[in-house]
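Report on the following structure.
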Amino acid sequence: MTISFGTTGAQATHTDTITPVLVGSAGQLAVLQVISGHPNDNIPSTPSGWIRAGSTSGGGGTFGASAGPRRLTWFVRVLTGGDGNPTTAIPSGSAGSLIAGRIVSLSRTAGTGWRWATSFGDDQTSNTTFSATGTTALTWKAGDFALIGYGVASNADSYTAEAIAVSGVSFGTVTERADAVVTAGNGTTTAMATATVSSGTATLAPTITATLASASIGIAGVLRLREASSDVNASAQSVFPPRNLVSATGLTGDDIVTATLYRQVGTTLTAVRAASGIDVTGQSALLRVDAEQPFGVSLNYAAVLTDMYGQQWTVYSGPITSMVTSDVISDAIRGVGAPVFIESWDDKKRTRDATTFNINGRIVVQGKKRGSAQATVTVSTDTDDDGDALQDVLDNATEGTILIRKQVTLSGVDNWLALLDDDEKRNWQTPYRSWDLNTVETQAWPDVLEAAGFTLADIANNFSTLQDIANAFPGTLLDIAQYDFGP
């Protein structure tokens, strides 16, 4: 796993607007470092398609010619090919305003994407020994890449001996990538350097230093870059009714503290049961079971991950399609279900609690909001096993709620139904049975109820004794949750 430096672009300068030349190729990370100064200390605008990774001003004093604060801003973009030159700006027409920026490109050899975090500090003592300690503690480990940026007030300066230090962490050679004077407006001198963590771990703010050619004050910061380890994967269990195991992994490596798992059908995202805003601090993985997915359509899963710095990252799984040979009535919480055929669902009746008043021949209606749809749904089963399975679902439905789904998902059919009563009609010559289910459409089970990843029947069908289970799963309970109990 290695992050390597690519190309340095030319610096663009102006009093208010710049469009630096883009460097890099598809798959690389482009980083735009901007140093700016303005009487109102404005943050430069974010270029279209780019992300602002961080921005801070520093140096102290009053903004003026070779005096006062300067602002350092990092923008990032994963290049896709055919990307255009970005434009960023600060308000125009302000005395002494200035903006300067250049783009560099970086490559990675592994990981599922890019992760970044920033820490900034300033030096308010005017001398040639520049030193700034970041105000944000960052996690550090071998392989992390540090992009170091500087901006001082002097417009006639230069940098040597750029360095970064974190207690307990060793960095390789610090390489200067840029050092340029900006004479626009009140001026500045910018610099950029890079280094890679060779060993050590820590959660500390960095100290950034350099030697200046002439005394000045200013801002410095580090954009810490890392090859992402977090990912989301989905696998179908070979059981009935279908269940998908959804797992977000590699969380600790990316400092993830909160995770939400979503099922995505088309552009619609639906949170997976019991997977919304889960605190995963210190956990390497989050596993949930999706037993409510539609059938017969391709879908994928997404994980929205929030790291300890408050940044959000989204990763996606590959496609998965759950197939069945019948319609299904199930209880996702218990993980049980029955194959059925929906025979009739002719109407959906919605009632409204209302009272009428005859006032001098004029009928006035006062009523409440229309209620949920009520319907009698007729289903059938073809075998004794299927009929008994449906009996079990209806007998023990969690909170009296069942989930009905077509063999291929159909809007208006797939839904959660509160069961009022049922009427079973038997055929004494064959195992065929029909059922009239008196139902009311309702919401899904509360999100706090987690879907079962396996049932006691699954275990009974696969193991004879407790020792058999212990022998099959010598690790942790997570191994059982991730096991495919299908045939």
- Note on the structure: Semi-axes in Å, largest first, for the range 27-76 (Cα gyration tensor, √(5λ)) are 25, 10, 8
- Task: Please give the net charge around residue 259, taking every other residue with its beta carbon less than 11 angstrom from that of residue 259, where Lys and Arg add +1 and Asp and Glu add -1.
- Result: -2
- Find how much the distance from residue 89 to residue 465 grows on full extension, using 0.36 nm per residue of separation minus their present alpha carbon separation; answer in nm with one decimal. 128.3 nm
- For the chain: relative contact order, % (alpha-carbon pairs under 8 angstrom, 6 or more apart): 12 percent
- Distance histogram for the chain (every C-alpha pair counted, 10 angstrom bins, percent rounded to whole numbers): 4, 16, 20, 16, 13, 12, 11, 6, 2, 0, 0
- Quick note, the range 1-160: a/c under 1.5 would make it rounded; otherwise a/b > b/c is prolate and the rest oblate (a ≥ b ≥ c, C-alpha gyration tensor); here it is oblate
- Item | Positive-pole candidate from 198, 46, 364, dipole of the chain, charges at beta carbon | 46
- Message: Using a 7 Å offset from Cα along Cα-Cβ at residue 26, what residues in the range 61-104 end up with backbone N under 13 Å from the label point?
- Response: 79-83
- By how many nm would the segment from residue 480 to residue 349 grow when fully extended, if each residue of separation counts as 0.36 nm and the alpha-carbon distance is taken off? 42.8 nm
- Part-to-part distance (alpha-carbon centres) for the range 115-168 and the range 35-68, which is given in Å: 16 Å
- Ignoring ligands, DNA and RNA, what percent of the accessible area of the chain is carbon or sulfur (1.4 Å)? 49 percent
- Task: May I ask you to give the average projected area over all directions of the convex hull of the Cα atoms of the range 364-436, in nm² rounded to one decimal?
- Result: 7.2 nm²
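What FRET efficiency comes out for residue 199 versus residue 129 if R0 is 45 angstrom and r is the Cβ-Cβ distance? Round to the nearest 0.05.
On the way: r = 27 Å, r/R0 = 0.60.
Step by step, r from the Cβ atoms, then E = 0.95.
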- Task: For n ≥ 4 DSSP H runs only, could you compute -39500 (n - 2.57) per run for the chain, divide by its residues and tell me the 222 nm figure to the nearest 500?
- Result: -1500 deg cm²/dmol
- Principal-axis tilt of helix 384-395 within the chain, Cα atoms, nearest 10 degrees: 70 degrees
- Considering Cα pairs under 8 angstrom that are at least six residues apart, work out the relative contact order of the range 1-96 and quote it in whole percent. 38 percent
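What FRET efficiency do you get for residue 238 and residue 40 if R0 is 41 Å and r is their Cβ-Cβ distance, rounded to the nearest 0.05?
My answer for the efficiency is 0.05.
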- Note on the structure: For the range 271-391 the mean separation of alpha carbon contacts under 8 Å (6+ apart) over residue count, i.e. relative contact order in percent, is 18 percent
- Message: Can you tell me which lysines have their Cα less than 23 Å from the Cα of residue 406? Leave out same-chain residues fewer than eight positions away.
- Response: 348, 349, 425
- Additional length obtainable on full extension of the chain from residue 51 to residue 215, 0.36 nm per residue less Cα span: 55.7 nm
- Query: How large are Rg and Dmax for the range 219-339 when only the alpha carbon atoms are used, in Å?
  - Reply: 16.4, 66
- Task: Which order do the peptides 215-228, 39-52, 111-124, 353-366 take when ranked by the mean count of other beta-carbon atoms within 10 Å per residue, highest first?
- Result: 215-228, 111-124, 39-52, 353-366
- Task: Per residue, how big is the convex hull around the C-alpha atoms of the range 325-477? Give it to me in cubic angstrom, could you?
- Result: 165 Å³
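What Kirkwood hydrodynamic radius do you get for the range 98-220 when you take the inverse of the mean 1/r over all pairs of distinct Cα atoms, in Å?
So the Kirkwood estimate lands at 15.1 Å.
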- Within straight cross-link reach of residue 369, meaning Cα distance under 14 Å, which aspartates and glutamates are found once same-chain residues fewer than 8 apart are removed? 353
- Just the accessible area per residue of the chain, please: how many Å² with a 1.4 Å probe? 43 Å²
- Would you work out the charge dipole size for the range 285-358 about its Cα centre, treating the Cβ of every Lys and Arg as +1 and the Cβ of every Asp and Glu as -1, and quote it to the nearest 20 debye? 160 debye
- Rounded to whole Å, √(5λ) for the Cα gyration tensor eigenvalues of the range 127-197, largest first, gives 26, 13, 10
- Message: Once the convex hull of the alpha carbons of the range 296-393 is built, what does its volume come to per residue, in cubic angstrom?
- Response: 245 Å³
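The values are calculated or read from the model by the stated rules, or taken from the named source; none is laboratory data. This is a predicted model, so every value here is computed, not measured. Neighbour counts run over all protein chains shown; Cβ positions are idealised from the backbone, glycine included. Note: accessible area is taken over every heavy atom of the protein model, side chains too, but ligands, DNA and RNA are not part of it. Shrake-Rupley method; radii C 1.70, N 1.55, O 1.52, S 1.80 Å.
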